[in-house]
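Below is one structure; the comments refer to it alone.
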Amino acid sequence: MISFKKIVDFYIRSSIHVALSVYALVRMTHFMFHISADEAMANFAFFGTIVGYNFVKYDALARAQKKQMRKELKIIIVFTVFSLAGVAYYFFQLQLMTQIVSVGVLALTLLYTLPFFPNRRNARNWAGVKIYIVALCWVGVTLVLPLVNADVFLGLDFYLKCMQRFLLVFVLILIFEILDLANDDPHLHTVPQQIGVRKTKIVGLLLLLPFYFLEFLKTNFLEEQLKVNLVLVLTLSFFLIFANEKRSSYYTSFWVESIPVFWWLMVVFF
């Protein structure tokens, strides 16, 4: 009988959980800009995240172990292929401009994964760059694509939300980098490697201040949204403060990645 732990592990390792976080942020964008339910866009982001993350995580491993892949990896590869079919299906339901922009986001993802230049490592291994590329990809998928697909005017609120979303994802990644400090290649020059864990936490907490107060600059900010954002900031601060290298991988791969889902559910229910 398959244990509950194995089910949870597969749920995380197959990138379903992180895809759900991306889906939640897309839905948050729909809510913030009063866009009626755009299931094609949300589902495209969901399946695209599964394909993108699994490609980043397992591409090299699958090529290196073609003859002796573990059963779980084989299942994940098959699951990813089905998800790719989902990406293709929803891609052709998007607006032409959205399709063009999504190709740009894909190019950024491939730059992060594949070495395009001779004798050079991929962008994932460029010193100090990883966190910015990942944050930009999340902003592109969860904010830019939904608004372009809904043909929303990209005014002041759009740029404010871009900054907020970038800051949110940046702080989330900082928590991952703190937990991965012992295992990360020293040449990556992650934020904790460069300034230490304590200063990284301070930077993360400080970045949450503009994330929260940028909401006041919106054309029509809602008091309810300020309350929800305050709960989000406090929750994220808690996870950031208590992050350390000895935490279980579930601390980030499940709980921290659940924060965008928690944010969305607060809006749905309250």
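What does the charge dipole of the chain about its Cα centre add up to, to the nearest 20 debye, if the Cβ of each Lys and Arg holds +1 and the Cβ of each Asp and Glu holds -1? Provide the component values of the computation, followed by the final result.
Values: 24 positive and 16 negative charges, 221 e Å.
With Lys and Arg at +1 and Asp and Glu at -1, about 1060 debye.
Where a Cα-Cα gap under 20 Å defines reach, which aspartates and glutamates qualify for LYS227, not counting those fewer than 8 residues away within the same chain?
Once the sequence-local aspartates and glutamates are set aside, what remains near LYS227 is ASP157, GLU215.
Any idea how far the Cα center of segment 204-220 sits from the one of segment 125-195, in Å?
Going from one Cα centre to the other spans 16 Å.
Anything over 27 Å Cα to Cα? Flag those among LYS5/LYS201; LYS6/LYS130; LYS130/LYS161; LYS6/LYS161; LYS161/LYS246, in the order listed. The partial results should precede the final answer.
Working: LYS5/LYS201 30 Å; LYS6/LYS130 30 Å; LYS130/LYS161 22 Å; LYS6/LYS161 37 Å; LYS161/LYS246 34 Å.
Exceeds cut-off: LYS5/LYS201; LYS6/LYS130; LYS6/LYS161; LYS161/LYS246.
Over all alpha-carbon pairs in segment 185-270, figure out the percentage whose distance exceeds 18 Å. Present the calculation step by step, with values, prior to reporting the outcome.
Numbers: 1993 of 3655 pairs.
It works out to 55 percent of all Cα pairs.
Hey, rough spin-label estimate for VAL152 and LYS74, points 7 angstrom out along Cα→Cβ, what's it come to in nanometres?
4.4 nm
Answer with one residue from ASN244, HIS30, ASN229: the one whose Cα lies farthest towards the positive end of the charge dipole of the chain, charges on Cβ with Lys, Arg +1 and Asp, Glu -1.
Farthest towards the positive pole: ASN244.
For segment 130-236, rounded, prolate or oblate, judged on the Cα gyration tensor with a ≥ b ≥ c (square roots of eigenvalues), a/c < 1.5 rounded, else prolate if a/b > b/c? Kindly include the intermediate steps, with their values, before the conclusion.
Values: a/c = 2.91, a/b = 1.62, b/c = 1.80.
In terms of gyration-tensor shape, oblate.
Give the whole-number value, in cubic angstrom per residue, of the convex hull volume spanned by the C-alpha atoms of the chain.
Values: hull volume 40.2 nm³, N = 270.
Each residue corresponds to 149 Å³ of Cα convex hull volume.
For the full complex of protein chains and a 1.4 angstrom probe, list THR142, THR109, THR219 by accessible area with the highest value first. Show your work: numbers first, answer last.
Details: THR142 0, THR109 35, THR219 95 Å².
Final ranking, largest accessible area leading: THR219, THR109, THR142.
Distances over 14 Å make up what percent of all Cα-Cα pairs in segment 200-247? Mind dumping the intermediate values first?
Numbers: 608 of 1128 pairs.
Of all Cα-Cα distances in segment 200-247, 54 percent exceed 14 Å.
Within the chain, which is the longest segment containing none of the trypsin sites (Lys or Arg not before Pro) that sit in a DSSP loop and have at most 16 other Cβ atoms within 10 Å?
On the way: sites that count: LYS66, LYS67, ARG70, ARG120, ARG121, LYS218, LYS246, ARG247.
Here the longest run is 122-217.
With an 8 Å Cα cut-off and a minimum separation of 6 or more residues, compute the relative contact order for the chain in percent.
Details: 261 pairs, mean separation 59.8, N = 270.
Here the relative contact order equals 22 percent.
The values are calculated or read from the model by the stated rules, or taken from the named source; none is laboratory data. Since this is a predicted model, take the numbers as computed values, not measurements. Cβ coordinates were reconstructed from backbone atoms using ideal geometry, including for glycine residues, and neighbour counts include every protein chain displayed. Side chains are part of the model used for accessible areas, which takes the heavy atoms of the whole protein and leaves out ligands, DNA and RNA. Shrake-Rupley method; radii C 1.70, N 1.55, O 1.52, S 1.80 Å.
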